[in-house]
Amino acid sequence: MNSYANDKSFSFNDEINVRSITELYGDDYAYIEEVFDTVLKEYEALANNINSSYSLRDIPALKAAVHKIKPIFGFVGLISMQQQCQQFESICHSATSFDSLVNDYGLLKDRLIKSKLIIEEEKKKLEFFNTQRA
Amino acid sequence: MSIACIIVEDLQVAANYLMKCCEKSGQVTVKGHFVNVPDALTYLNENTVDLIFLDVEMPGANGFELLDQIAFSPKVILTTSKKEYAYNAFQYNVSDYLMKPFTYQRFTEALQKIQPSRETVSTSNGSDHIYIKADGKLIRLNNDSILYIESMGDYVKFVTHDNKKYITHNTIKNLEEKVSKLHFLKVHRSYIVNLHKIDDMRENMLFIKGNEIPVSKANKADVFKRLNII
């Protein structure tokens, strides 16, 4: 992982696409912190939607739930996660049975959990960084 | 110029970002943010706006259902994470669609697309004809030769009695203002019809020389008012 922020810049987790973050928000770190905070607040409900759709073995609902959570990863620079969601949507689209989704769902779920941890960690780092700069 | 808009978006982070872009542009005033279609519809039944930033997939009803139910024709920019809506976007006269998350530069490009379009149709009150710019020339169309006008995104198609089609850069909203004093009426967000050419009406469809034209719920009362029903 990149080293912690210094006075002038902030180092994001390697999973985060810094170029994408810069294109969206420039160097407005206060706003970036706000974005991470908002994403975390929405995360639980969106992830629960995925879990409940999976429990109900409802493929269209599962696809819609993954579609719904997908853009939030883009807002926090987790581009590869966004792409994985897109791939899972495509898998749902062409799935012939629910059981054929199980493995891919397992992989997706693992990354959903890891992504949340990354967002939480980055939020804490941003909070600290912005406090130091104030 | 200030553009009055609403944001219909159930993802908070996306709505916040959009509000920030609007504020930064200095051109767009956000009149409201709604997380579902029914709430947006309630607002739009009592207020008009110039522009709607519209998410498509929302719980309950999708964004296109909102467009089906409003009585006026604001500009629409879709904010979506799916490319498959291109066809619907075309049908609904959507100005642009932004894939979430989008950059501020992409946002400003979308805004440029909703600036008032160049004059491509000229009318004069009491005249029996209009001129349209198509195929690099000004073409005279007699009012009575026009069957209907159909939206094609940033373009409109004039269909005439001899089954000719003329495509010009304009919008139904702009044309509605221009031809409303003539015997034309907007019956759907994508259609203006020549009232003199209607053969019959069944349920929510008008029939003009074999062409089926949908009538939206919001415009149905106006259609009945303008038809000579005895």
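The values are calculated or read from the model by the stated rules, or taken from the named source; none is laboratory data. Owing to the predicted nature of the structure, the values given are computational and were not obtained by experimental measurement. Here the Cβ is made from the backbone with ideal geometry for all residues, glycine too, and neighbour counts use every protein chain on show.
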Completion exercise
Filtering region A:72-84 down to residues that are surrounded by 21 or more Cβ atoms within 10 Å (Cβ to Cβ) and more than 9 Å from chain B (Cβ to nearest Cβ) yields A:Phe73, A:Gly77, A:Leu78, A:Met81
Handout entry: Residue ranges of strands (runs of 3 or more DSSP E) in region B:131-183 with at least 2 members surrounded by fewer than 19 Cβ atoms within 10 Å (Cβ to Cβ)
Key = B:137-142, B:155-160, B:165-169
Exercise for the section: Only one of these is within 14 Å of chain B (Cβ to nearest Cβ), of a type in the set (Val, Ile, Thr) and within 22 Å of B:Ala14 (Cβ to Cβ): A:Ile69, A:Ile50. Name it. Expected result: A:Ile69
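The rows are residues; the columns are (1) of a type outside the set (Phe, Trp, Tyr); (2) touching a strand residue (DSSP E or B) at 6+ places or on another chain (Cβ under 8 Å); (3) free of Cβ contacts under 8 Å to residues at least 12 places away in the same chain; (4) not assigned by TED's automatic domain parsing to the domain that holds B:Ala89.
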| residue | (1), (2), (3), (4) |
| --- | --- |
| B:Gly153 | yes, no, no, yes |
| B:Phe158 | no, yes, no, yes |
| B:His161 | yes, yes, no, yes |
| B:Thr171 | yes, yes, no, yes |
| B:Leu175 | yes, yes, no, yes |
| B:Val179 | yes, yes, no, yes |
| B:Ile192 | yes, yes, no, yes |
| B:His196 | yes, no, no, yes |
| B:Asp200 | yes, yes, yes, yes |
Problem - Selection within region B:99-114 - more than 9 Å from every other protein chain (Cβ to nearest Cβ), in contact (Cβ under 8 Å) with a residue 40 or more places away in the chain and closer than 23 Å to B:Val13 by Cβ - result: B:Phe107, B:Thr108, B:Leu111
Handout entry: Scope region B:18-27; condition under 25 Å from the mean Cα position of the chain (by Cα) and within 17 Å of B:Asp55 (Cβ to Cβ); matching residues
Key = B:Leu18, B:Met19, B:Cys21, B:Cys22
Handout entry: Residue check for A:Ala5: buried (at least 16 other Cβ atoms within 10 Å of the Cβ), more than 9 Å from every other protein chain (Cβ to nearest Cβ) and at pLDDT below 95
Key = yes
Practice task
Residue by residue through region A:26-41, note down the ones that are under 21 Å from A:Cys85 (Cα atoms) and crowded, with 19+ Cβ neighbours inside 10 Å.
Solution key: A:Val35, A:Phe36, A:Thr38, A:Val39
Exercise for the section: Identify, from the list A:Ile16, A:Ile113, the residue that is in contact (Cβ under 8 Å) with a residue 40 or more places away in the chain, more than 10 Å from every other protein chain (Cβ to nearest Cβ) and either part of a loop (DSSP other than H, G, I, E, B) or under 18 Å from the mean Cα position of the chain (by Cα) (or both). Expected result: A:Ile16
Handout entry: Flag for A:Arg57 being modelled with pLDDT of 95 or more, more than 12 Å from every other protein chain (Cβ to nearest Cβ), more than 30 Å from A:Ala134 (Cβ to Cβ) and part of a loop (DSSP other than H, G, I, E, B)
Key = yes
Problem - Options B:Ile52, B:Ile6; residue that is touching a Phe, Trp or Tyr at 6+ places or on another chain (Cβ under 7 Å) and over 24 Å from A:Asp37 (Cβ atoms) - result: B:Ile6
